[in-house]
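J.: Structure in C-alpha cells, see below.
The values are calculated or read from the model by the stated rules, or taken from the named source; none is laboratory data. Just so it is clear, the model here is predicted, and its values are computed rather than measured. Cβ: placed from backbone, ideal geometry, glycine included. Neighbour counts: every protein chain shown.
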C-alpha cells in the first residue's frame, strides 16, 4: 500500500515561485482554508505529480504555473516534489519541473509553457524522463491505475459529479476504472480474428483442390524425369565417345607441336637458302655486267663470274665515292658562303679607306693652301701666334714658319705611310682571300663535274643491269622459278607459325593486363569511395567558412537544438558512418586541440586536397607519389609562411586584440567582438607563464539572463551557485573557506537494507542520533574557524539536509552546496585550499583565506575576491550572460576560440594576414617553385597550389561575391607583389588585410596545412576497408 508523506510546491498558481511550501501528510490529513487559499491547487498538484496530466481549464499549463506578468519577470519556474512510500515500502521521491517564459511580440505579451524535467529518485537509483517513461514507472510504484487517480482519488471538483452522468458516460468511466475496456477490445479483436480465420480456411480449401491438381502434374513430371534420365545416359555415352576423340585430338596437337618444331628448323633452312639466293643474285648481276660486249661470248663461266664480282665491287666503290663527294660539296658550299661574307667585310673596309683618303686630301687642299697664301685661320697657328712677342716679329717670323711647315710635312708623311701600310695589308689579305676563293671554286667545279660523271656512269650501269635481267628471263630452264615458289611457300608457312605464336603470347599478355587492370580499378574505386565520403563531409561545412558563412542548426536525438558555425562543434555532433569521413571529424578535433581555431578551414582544405588527388589519380599517377609530393609541398608551404609572418610583441595589446577580433568576426556573436576580444586577451595574459598557457586556469560560467553586453571577467573565483542557507548576510569579510567531499546528512547503509521501527520511542532515538551526528560535524567545522563551507555534489545521498542547514545558520557558517566534481581542482587552485574527504582531516591548515565573499543577487552567483592564500594560483573567471541557452552556448564556443588564438600567439608570437591572402600567396609561390621541378613532383606541386585557392574561393562565394572574378583579381594583385591583399567581406572588395586588421596566428595556419596534408596522405595510402568479425 502506498503512503503519501510530504508534498513540496513552488511556483504553482498562488504558491510563491521563490520559496517552496511543504505539506506533511498523516494517516488523516484535512485541508481547510478560504476560497483562493490553494486547496484545489494542492489536489491538482497531487494529480499532476502522480499522473503527469494538467488540470482542466489550465490553458496547456500556462495558468497552472505562477503568473509571469504578475512577477514582472521574463521567466518563472515551478516545481512539485512528492515524497511517498511505494508498494514495496521503499521511500520514493518524484520531482516535476516546469517553466513559463514571457516574450513581447509587437508589444503584445506571449507566454510559452514548457515542462522541463521529471525525475524519480528511489534509494540510490534515479530515473530520468530522458531514459524511461516516468508516468508508467510511477504508476507501477504507486500501485494504482491512472483512471483511479484521475476519477476517484484526485478527481477535480468540476468532474466530481460524474457518477450522476448518463449511462454511456458512466459505463466508459467504470470501464476505465476497472480496466474492462481492454477486455472489450480483446473480444472485438477475437471476433475479428475469427472472421479472418474463417476466410483463411476457405482459401485453404481452395488450396487443397489446387494442390491435388498440382499433384497430378507432379506425377506426370516424374514420368518425364525418368524418360529424361534415360536420354541423359545416352548423352553420357556420347560424351565418353567425345572424350576419346578429344584424346585423339590431344595426340594430334602433340603432332602439331612436333610439326612446329620442324617448321622452326625449316625456317632456319629457309634463311640459309635466302642467303644463298642473295649470293646467286649477286653472281647473276655480275654476269650481266658485260653481257652486251662482243668479247663476253668468248668468255667461259668462270671468267664471267669473276667479272661480275669485280663489277659489284666497282659499283659499291662508286656509291661510296658519290656520298663522300656530296659531303665535300656541302663543305665547299659552306666555305664559299664564309668567303663571300669575308669579301663583303673587305669591301666595307676598302670603302672606309677610300673615304678617309678623300677626307685627308680635302684637308691638305684647304689647310695647306691657306697657310701658303697667308690666311691664319688654323687654330693651332693662332695659338702659336698669340705666344709670339710682337716686338720680335721680324726675327721670329721665318723661324716660326719653318718649324710649322716641318711639323706639317712630318704629319703628312706619317699619314701617307700609314695609309700605304694599310693598303698593302688589305691588298695582301684581299689577294689571299681571292686565292682561297679561286681554289674552293675550282674544287667545287671539279666535284660537280665528278658528280655528273658518276651520275652518268650510274645510269649506264642501271641500263646494263636492266638488259641483264631481261636476258636472264629468256634463259632456258625453270630452276629460278621453282626456287622462288618453294621459298614463297616456306615463307607463308613460317608466317602462319609466327602468327599462331603471337596470338598465344598476346592472349597471355592480355589476361595479365586484364588482371592488373581489375586490381588497379578496385584500388581506384576504393580510393574514390574514400575521397567521395571525405569530400561530402567537407562540402557539408564549407558554407560555414568565413564571417559571412551560414550557421548550422543541429538537433540531437533528445530534441536539444544547437545553432553554430564552428566546424569542430558541427562535426562532433554530426552522425558519420563511413570510416574515411570519420577521419575528417578526427582532423577537426586535432586542429581544435592543436590551435583551437581554423577547424572549418582545415576540413575544407583537406576536401580540396582530396579533390586534387582524385584528378591526379585519373591521370594515372600512383597514390604513393602523390602522397610524397604533398608532404614536400606542405613542408615548403610552412617555410613560405614563416617567411611571410610578422613578429608580435606580447606587450602590444592592440595587436593581440586584432587577432582575437578576426577569430570572433566569423562567429554568431561577431557584433560583440569589441567586448569579448579584450576579455580574451586579458584573461590569457594573466594566466600565461613561461610562454605557456593552460586554458584550464580560465573558467567560463554561463548565466541565463541579461545580454552579452553584461559579460564580465573576474579574478579569483566565481561559483554559479547561491548560498544554501540564509542567516541574514550576503557578504562575508575576512572569510575562512573550507572544501569538503563528504555529506553533512545522516549516513545510510552501504547495502539496500530496511530498518523496521515498531514504536515512537525508537523513532525519537533515531532522530536524536541523527541530530547529534550532524551537530558534531558542524561543531568540528566551526572549531577550525571556518565561516564559508563548500560541499561537493553527491549522487548517493543528500549532501546537505534541512537539519544541517539549521545548525549552520546558528553557527553563522555560509554554506555553498553542489560544487561539481570536475570543478574541485579549479577551486583548490584558485583558493589555495585542500579538499577534505573526512571530518578527521578537517583542520585549519586545509582552509583558505579570502578578503570578501559576496553573493551577486542580480546575476545569482558567488564571487570570491582578495584571495591571500600562499598556495593560490592565478586564475580567471569569465561570466557570460545571455537571453537564452543557445546564445550562451555559442558565446562560450566563440570565446574559447578567441582564447585559443591568443594562446597560439603566446606559444609562437607571430601573425599572418587573413582573408585568403595567405592561401593565394602560397599558391603563387608554390606554382613558381614547381616550374623548377621535373617529373611528377612539378605536377603534384601545382595541384597542391591550386587546391589552396579553395579558401579565398569559398570566402568570396559565402560573401555573395563572384568567386572567379575575385580570385582572378587576387592573383593579379599578388603577381604585382601585393602579398597581403585579401578579400574584404565587409566591403565586398579586395584590399590590404594588414590595413584592415584581418590577421591570424601563424600557428593556426601551420597546423591547418600540416594536419590537412597528413590526413590526405593517410587516405591516399588506404586501398581497402577490412571489416572485423566482432
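J.: Could you list, in sequence order, all residues of segment 64-87 that are in contact (Cβ under 8 Å) with a residue 12 or more places away in the chain and not in a strand (DSSP E or B)?
T.: 64, 66, 68, 69, 71, 73, 74, 86, 87
J.: Another question, then. Would you check if residue 19 is part of a helix (DSSP H, G or I) and at pLDDT 80 or above?
T.: no
J.: Of the conditions (1) in a loop (DSSP other than H, G, I, E, B); (2) loosely packed, with under 11 Cβ neighbours inside 10 Å; (3) within 49 Å of the chain's Cα centre (by Cα), residue 822 fails just one. Which one is it?
T.: (1)
J.: Among the residues of segment 923-939, write down those that are more than 18 Å from residue 608 (Cα to Cα), buried (at least 17 other Cβ atoms within 10 Å of the Cβ) and touching a residue at least 40 places away in the same chain (Cβ under 8 Å).
T.: Within segment 923-939, 925, 929, 937 qualify.
J.: Let me ask another. Listed residues 843, 879; which is modelled with pLDDT of 85 or more and either crowded, with 19+ Cβ neighbours inside 10 Å or not assigned by TED's automatic domain parsing to the domain that holds residue 700 (or both)?
T.: 879
J.: Oh, and also: If you go through segment 773-820, how many residues are touching a strand residue (DSSP E or B) at 6+ places or on another chain (Cβ under 8 Å) and under 15 Å from residue 747 (Cβ atoms)?
T.: Result for segment 773-820: 6.
J.: If only one of 774, 757, 766 is in contact with a helix residue (DSSP H, G or I) (Cβ under 9 Å, 6 or more places away or on another chain), free of Cβ contacts under 8 Å to residues at least 40 places away in the same chain and surrounded by fewer than 16 Cβ atoms within 10 Å (Cβ to Cβ), which one is it?
T.: Answer to the selection: 757.
J.: Right, here's the next one. Just checking: which of the strands (runs of 3 or more DSSP E) contained wholly in segment 826-929 hold 1 or more residues that are under 30 Å from residue 983 (Cβ atoms)?
T.: Ranges flagged: 910-913.
J.: On to the next question. So for segment 692-704 (the condition being over 21 Å from residue 669 (Cβ atoms), in the same structural domain as residue 865 (by TED's automatic domain parsing) and either buried (at least 16 other Cβ atoms within 10 Å of the Cβ) or in contact with a strand residue (DSSP E or B) (Cβ under 8 Å, 6 or more places away or on another chain) (or both)), does at least one residue qualify?
T.: Yes, segment 692-704 contains at least one residue that is over 21 Å from residue 669 (Cβ atoms), in the same structural domain as residue 865 (by TED's automatic domain parsing) and either buried (at least 16 other Cβ atoms within 10 Å of the Cβ) or in contact with a strand residue (DSSP E or B) (Cβ under 8 Å, 6 or more places away or on another chain) (or both).
J.: Look at residue 1006 and say whether it is touching a helix residue (DSSP H, G or I) at 6+ places or on another chain (Cβ under 6 Å), touching a residue at least 60 places away in the same chain (Cβ under 8 Å), under 27 Å from residue 591 (Cα atoms) and buried (at least 24 other Cβ atoms within 10 Å of the Cβ).
T.: Here the answer is no, as residue 1006 does not meet what is asked.
J.: Among the residues of segment 627-654, what is the count of those that are part of a helix (DSSP H, G or I) and either over 14 Å from residue 999 (Cβ atoms) or not assigned by TED's automatic domain parsing to the domain that holds residue 1012 (or both)?
T.: 18
J.: Here's something else I'd like to know. When residues of segment 964-976 are filtered for being under 10 Å from residue 924 (Cβ atoms) and out of contact with any strand residue (DSSP E or B) (no Cβ under 7 Å at 6 or more places or on another chain), how many remain?
T.: So the answer is 2.
J.: Inside segment 564-584, can you point out the residues that are modelled with pLDDT of 80 or more and surrounded by fewer than 19 Cβ atoms within 10 Å (Cβ to Cβ)?
T.: If the condition is that a residue be modelled with pLDDT of 80 or more and surrounded by fewer than 19 Cβ atoms within 10 Å (Cβ to Cβ), then 582 is the only one that fits.
J.: For segment 135-164: of the residues being at pLDDT 70 or above and in a loop (DSSP other than H, G, I, E, B), which is surrounded by the most Cβ atoms within 10 Å (Cβ to Cβ)?
T.: Looking at residues that are at pLDDT 70 or above and in a loop (DSSP other than H, G, I, E, B), I get 154.
J.: Quickly run through segment 589-622 and pick out the residues that are surrounded by 24 or more Cβ atoms within 10 Å (Cβ to Cβ) and modelled with pLDDT under 85.
T.: 591, 595, 596, 597, 598, 599
J.: Also: Go through segment 801-819 and give me each residue that's buried (at least 18 other Cβ atoms within 10 Å of the Cβ) and more than 18 Å from residue 785 (Cα to Cα).
T.: Matches in segment 801-819: 803, 817, 819.
J.: Which residue out of 660, 683, 677 is surrounded by 22 or more Cβ atoms within 10 Å (Cβ to Cβ) and touching a strand residue (DSSP E or B) at 6+ places or on another chain (Cβ under 8 Å)?
T.: 683
J.: Need the failing condition index for residue 671 against (1) surrounded by fewer than 17 Cβ atoms within 10 Å (Cβ to Cβ); (2) out of contact with any helix residue (DSSP H, G or I) (no Cβ under 7 Å at 6 or more places or on another chain); (3) within 26 Å of residue 721 (Cα to Cα), just the number.
T.: Only one criterion in (1) surrounded by fewer than 17 Cβ atoms within 10 Å (Cβ to Cβ); (2) out of contact with any helix residue (DSSP H, G or I) (no Cβ under 7 Å at 6 or more places or on another chain); (3) within 26 Å of residue 721 (Cα to Cα) is unmet by residue 671, namely (3).
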